[in-house]
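Novice: Encoded as structure tokens, here's the structure I'll be asking about.
Just so it is clear, none of the values below were taken in a lab; they were calculated from the coordinates. No experiment lies behind these values; they were computed from the predicted model shown. For neighbour counting, all protein chains shown are included, and Cβ atoms are generated from backbone atoms with ideal geometry for every residue, glycine included.
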Amino acid sequence: MPQNCEECRSQLSAYADGALSMDENRAVHAHLIGCARCAEELADLMAVIHVIAALPPVPPREDPWAAVCFRLRREGLVRSRYMPRARWVAAAVVGGGAIALSWNMLFPPTPSQMADLDTYWREHASFSLESEPVHMGAPAVHAIEATYQLQGDLP
Amino acid sequence: MADERQLIERYQQGDQTAAEAIFRLYHPAIHSLAYRMLGGSPEVEDCVQEVFLRAFRGLKGFRGEASLKTWIYRIATNTCLNYLDKAKRRGPVDSLDAEVFEEGFATLGDTLASEERSPEDQVMGVELEEAIQVALDKLAPEFRTALVLRDVEGMSYEEVASVTGAALGTVKSRIARARTQAVRWLKDYLK
């Protein structure tokens, strides 16, 4: 169906983008062949599309990452030293062990606690006192003896 | 994009380097978009910062229904429109935009013609770029958004519709009208 100028012009933008259906495209094309004014309008439209598309990107004058990052950290959205979950678990286990060891070294058991422990072993352990060092392990016994020596309470 | 998804997952676990990578990926484009939308106003830098803060806050719950690009652009255009709205309420400069649009095409042509540039003065380059920016600034915000996303950012009609939340037909119509205006305002620069 032949188009008039108004119909044609309403579709020129989509025509320039290749966004018309085949039939619409054919109708606009046919009109443009016979209408110099609409053809000129299309040329102007294409020129404007071209110059706008050719606008250069505007490079930022500032790098706002530091400011953005500061806000993200303050809001708890990111951490500066990120570790995946598996590493967090491993770090927690190692850290926990280290804390427990440090605690024992800083606050060694008192003689009365050791006596309680000794009673506990006598009551619950199935081995004889003579074999105690072997079952407890020599390092453990040495650690207990060292503790008593440090505190001057070695019997 | 697989890399982008990994970056998002790492960011969601709190990885600062992933956040920075996302920022570096989109900062130049978002800055350009904000510049074109806000007409190079001094608020561009503030606007860009706000875009990324909003984006990163929202990204914690991002499920990937839209592409990250579409999603960030949507936040960027909405933030720019908020800035334009605030600026419009603050002063009379931007209120001229609405008047220009309501006055119709003939008056718009007269507006630019009143600048009385001789053909010799109409050189390509910086002057043309400035003229294009002036033309963009004169468009009503929703028309400016559609034109910038389509012709400056090179998005498809569907992407523009997705970013702006407007129907496809509305997007086509806005782009067509914005271009018709731009032709009237820029015609002399193109001869």
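Novice: Run B:Gln133 past the list (1) without any contact (Cβ under 8 Å) to a residue 40 or more places away in the chain; (2) at the interface with chain A (Cβ under 9 Å from one of its Cβ atoms); (3) surrounded by fewer than 23 Cβ atoms within 10 Å (Cβ to Cβ) and report the number of the one that doesn't hold.
Specialist: So the condition that B:Gln133 fails would be (1).
Novice: Could you list, in sequence order, the residues of region A:15-42 that are within 11 Å of another protein chain (Cβ to nearest Cβ) and over 23 Å from B:Ala182 (Cα atoms)?
Specialist: None; the set is empty.
Novice: Sticking with this structure for a sec: Taking the condition of being surrounded by 21 or more Cβ atoms within 10 Å (Cβ to Cβ) and of a type outside the set (Val, Ile, Thr), how many residues in region B:139-154 meet it?
Specialist: 8
Novice: Keeping to region B:56-73, report how many residues are in a helix (DSSP H, G or I) and either over 16 Å from the mean Cα position of the chain (by Cα) or of a type in the set (Lys, Arg) (or both). Write out each step before concluding.
Specialist: Step one: list which residues in region B:56-73 are in a helix (DSSP H, G or I), which gives B:56-59, B:68-73.
Still in the running and either over 16 Å from the mean Cα position of the chain (by Cα) or of a type in the set (Lys, Arg) (or both): B:56-59, B:68-69.
Here the count works out to 6.
Novice: Given the options B:Ser32, B:Ser67, B:Ser41, name the one that is crowded, with 16+ Cβ neighbours inside 10 Å, polar (S, T, N, Q) and more than 11 Å from every other protein chain (Cβ to nearest Cβ).
Specialist: None of the others qualify; the one that does is B:Ser41.
Novice: Could you identify the single residue in B:Leu25, B:Leu53 that is at the interface with chain A (Cβ under 8 Å from one of its Cβ atoms) and either surrounded by fewer than 18 Cβ atoms within 10 Å (Cβ to Cβ) or part of a helix (DSSP H, G or I) (or both)?
Specialist: None of the other options fit; the residue is B:Leu53.
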